[in-house]
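Peer 1: Questions regarding the structure given below will be posed in turn.
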Amino acid sequence: MELIKRQISLEKSRNRSDIINDLDPNKNNGNWGKLTATTFNVRVFLTQNIDDMGIFTDMEYIKQNVSTSNVDYTILIDKLKSISATDFKFIEGKVPVITNLTSTEQKTLRLTGKSEIDYFSFGELPVTGLTDSKIEDLRTYSNTDPFKVDFAISVELYKNYKDLLIAGVDKITSLLEPRVYVFDAPINNDLGTNKQIHGLRYIEYTGQSRQKIVNGVRIAFPTTIVNYIGQGWNQTNTSLSALTKEDYLFGIVSRPEVESDIFIDRGITKVMDLHLRLSEIGNMGELMNHGNGFYKINKQ
Amino acid sequence: MATGTYGIVRGADVSPDDVEIFYHYTPSRDAIGDQTLKKLIPSQVLVRTDNPNKGQSGVAGFEVFGGLYTLKLPAATFGLKGFYTIIIKPVEIRTKIVDVGVLSAFPDIKGLVFDLASVPPAFTSRFENDGLVGYRIEYLNADVSSANSNVKLNNFFRVITSNNRAEPVNQNLTNTNQKAIRYRFNDNSTLTFCTVSPASASNVKPNALPYIGQPNQQVIITNTFFNPIMLEVEMVDHDIETLAFALYGNQSKSLDDGIYTIYNFSNQIYKQYNLYEIKDRFTGKPLFEVREERVGIDFTKNFNNIRTI
């Protein structure tokens, strides 16, 4: 802990004003030499050293239910009475009073009355990015016409992140420049347009190319844009659990991986080495000397 | 360029509610001064700074600038000449351990149980699920018969690694004739189960468990939101500038009444002295020339006045 020193001169905060009392030249307003400051301001810098505890262990828990909120503490109360520790308020049936929660605490604390839905944050904002061409996923079996406009390669009924039933198709909507194709998009007037809400939309500019390096070789490939509506935190990727910490995982920030293809080379004869030497022993004396690493013969 | 290293020091953005500020006063280095520390109210004396970068995020209100705080020391308390030692540290939450136990589903996980209803109301929100992660627990002597009863155990603490509301259950053990209290997580409970570290036995002596507390033991729970600092503020009457008044400031000597006046750089009266001679009362021989500081200031010696006479 560092020691910070500051020196403050009181003179700078003293009244030296020379207001003269006309009736008595030796008196002023009575405040000469008195402290006029109400506060002395000093700047300090607080820091925090941080460290990562590592991964936690998820556990199931019983969620708060207002209608069935009674918990039976009898066994614990009996135990505390046996050691004369009875001044805990929960024994009297008192409940904690949680007051003055800031808006940050409302959002970040895992308050007992909150459920998964309180942590959902859909966003639902349009997202655009550059990616590889995916049009090969829409290739038909036709040799002469491999890419067909408005031909649904796949039709699937699925539920989206809000549990809405979507009849999604994978199809090419335009082979003109730029080529437009969609995945899991519902069939409606918005399909393939910038008003499409569900599924993914790809816009491929065959006349423009980007470059990337594959195995040290620079390769040109068409510019492909992907559009979709972000879904944020929702019921498909959010769950609540009680977090606990096991000591052996303290400081371990990634999940332990199990390696199943480990080969241990013990050498050809190492394990059997001592046993194989038994074949070279011809008499009791040599047997006593050998010992095989763990036995001893005592003479009587 | 990524070097694979990372910094671990950040400017703290702690709220004044999570801070305690104490001070100690002594008039000089050779005096002990106050026997006990006095407390200041952090919400009144610790002022956070607004972040000038907040506009880039469209923030309309206040956004704390990490690390930089202003201590507004009240002049009524800090207006005496001397040394003030100010300690800024995380706030202490004092409570008692209700029980020590293990989880019903995972008997290897040991922890402490606290009663939320017994925690001071100002700190109850910290005891919500996962609210105590990273807090430190220090223990008071649980031996009430000892002369050092309830004295803090030195050099001993644990770190809270998780806390969740839990209820007690009576569980069959391996021996089916035996039952014992275990804990399971239930958000309807007013108790919270905290795991601490270190709490595991070593692999050399698997039955020797580290001490993590015992029922009815007083503990002190402290956050680790910032590193404590100590500030020494010396309140002085004189510094380089007041010495400069005497050296370079305007001065006047009234020849009529022997009043010698020193002015500050704003031509305000800084000090006044009486200049006089002490003579032998019988022979009239001058013995001493004296410069004596005046108790009352003669304001007729105002610099602007005497210049315009």
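Readers should treat all values here as calculations from the given coordinates under stated rules, not as data from a laboratory. This is a predicted model, so every value here is computed, not measured. Every residue, glycine among them, receives a Cβ derived from its backbone with ideal geometry; neighbour counts consider all protein chains shown.
Peer 1: Could you name the aspartates and glutamates in cross-link range of B:Lys96, using Cα to Cα under 20 Å and dropping any fewer than eight places away on the same chain?
Peer 2: Of all the aspartates and glutamates, those that pass the test against B:Lys96 - Cα under 20 Å, at least 8 places apart if same chain - are A:Asp78, A:Asp87, A:Glu92, B:Asp18, B:Asp115, B:Glu128, B:Asp130, B:Glu138, B:Asp143, B:Glu167.
Peer 1: For the range B:154-263, what's the relative contact order in percent, using C-alpha pairs closer than 8 Å and at least 6 residues apart?
Peer 2: Result for the range B:154-263 is 17 percent.
Peer 1: With θ taken as phi - 60° and the coefficients 6.51, -1.76 and 1.60, list the Karplus ³J(HN,Hα) couplings across the range A:46-60 in order, rounded to whole Hz; mark glycine and proline as x.
Peer 2: Running phi through 6.51 cos²θ - 1.76 cosθ + 1.60 with θ = phi - 60° gives 9, 10, 10, 8, 10, 8, 9, 5, x, 6, 9, 10, 7, 9, 6 Hz.
Peer 1: Provide, in order from the shortest bin, the percent of all Cα-Cα pairs of chain B in each 10 Å bin, continuing until the bin that contains the maximum pair distance.
Peer 2: 5, 16, 19, 18, 13, 9, 8, 6, 4, 2, 0, 0
Peer 1: Could you tell me what fraction of 2.2 N^0.38 Å the Cα radius of gyration of the range B:144-283 comes to, as a two-decimal ratio?
Peer 2: 2.52
Peer 1: Taking θ = phi - 60°, what integer Hz values does the Karplus form 6.51 cos²θ - 1.76 cosθ + 1.60 yield along the range A:252-260, in sequence order, with x for Gly and Pro?
Peer 2: Residue by residue, the range A:252-260 yields 8, 9, 10, 5, x, 9, 9, 8, 9 Hz.
Peer 1: Same structure again: Taking amide H positions as placed 1.01 Å from N in the peptide plane, with prolines and chain starts having none, which residues 5 or more places from A:Thr47, or on another chain, fall under 5 Å of its amide H?
Peer 2: Amide H neighbours of A:Thr47: B:Ala12, B:Asn227.
Peer 1: Which residue fluctuates most in the GNM of chain A (Cα springs below 10 Å): A:Phe263, A:Phe40, A:Phe151?
Peer 2: A:Phe40
Peer 1: For B:98-110, what's the mean count of beta carbons from other chains sitting within 10 Å of each residue's beta carbon?
Peer 2: That average works out to 3.
Peer 1: Calculate I(q)/I(0) for the range B:1-103 by the Debye formula, one identical point scatterer on each C-alpha and no solvent, and give its log10 at q = 0.10, 0.11 Å⁻¹ to two decimals.
Peer 2: Summing over Cα pairs of the range B:1-103 leads to -0.51, -0.59.
Peer 1: Can you give me the relative contact order of the range A:62-163 as a percent, contacts being Cα pairs under 8 Å and 6 or more apart?
Peer 2: That works out to 19 percent.
Peer 1: Can you give the average number of partner chain beta-carbon atoms within 10 Å of each beta-carbon in peptide B:156-166, as a whole number?
Peer 2: 4
Peer 1: Could you give each residue of the range A:127-137 its phi-based ³J(HN,Hα) in whole Hz, using Karplus coefficients 6.51, -1.76, 1.60 with θ = phi - 60°, and x for Gly or Pro?
Peer 2: With the stated coefficients, the range A:127-137 comes to 10, 10, x, 9, 8, 7, 5, 10, 5, 4, 6 Hz.
Peer 1: If you wrap a convex hull around the Cα atoms of the protein assembly as shown, how much volume per residue is inside, in Å³?
Peer 2: Taking only Cα atoms, the protein assembly as shown has a hull volume of 492 Å³ per residue.
Peer 1: Quantify how strongly other chains surround peptide A:47-60 by giving the mean number of their Cβ atoms within 10 Å of each of its Cβ atoms.
Peer 2: Average neighbour count from other chains, rounded to a whole number: 5.
Peer 1: For chain B, set up a GNM with springs between Cα atoms under 10 Å and report which of B:Val204, B:Val64, B:Val133 has the largest fluctuation.
Peer 2: Looking only at B:Val204, B:Val64, B:Val133, the biggest GNM fluctuation is shown by B:Val204.
Peer 1: Alpha carbons only, please: Rg and Dmax for the range B:110-207, in angstrom.
Peer 2: Considering the range B:110-207 through its Cα atoms, Rg and Dmax are 15.9, 44 Å.
Peer 1: Rounded to the nearest 5, what is the percent of antiparallel bridges among the DSSP beta bridges in the protein assembly as shown?
Peer 2: The antiparallel fraction comes to roughly 90 percent.
Peer 1: What are the lysines whose alpha-carbon lies under 20 Å from the alpha-carbon of A:Lys148, with same-chain residues fewer than 8 places away excluded?
Peer 2: Counting by Cα, and skipping residues close in sequence, A:Lys148 has these lysines nearby: A:Lys134, A:Lys171.
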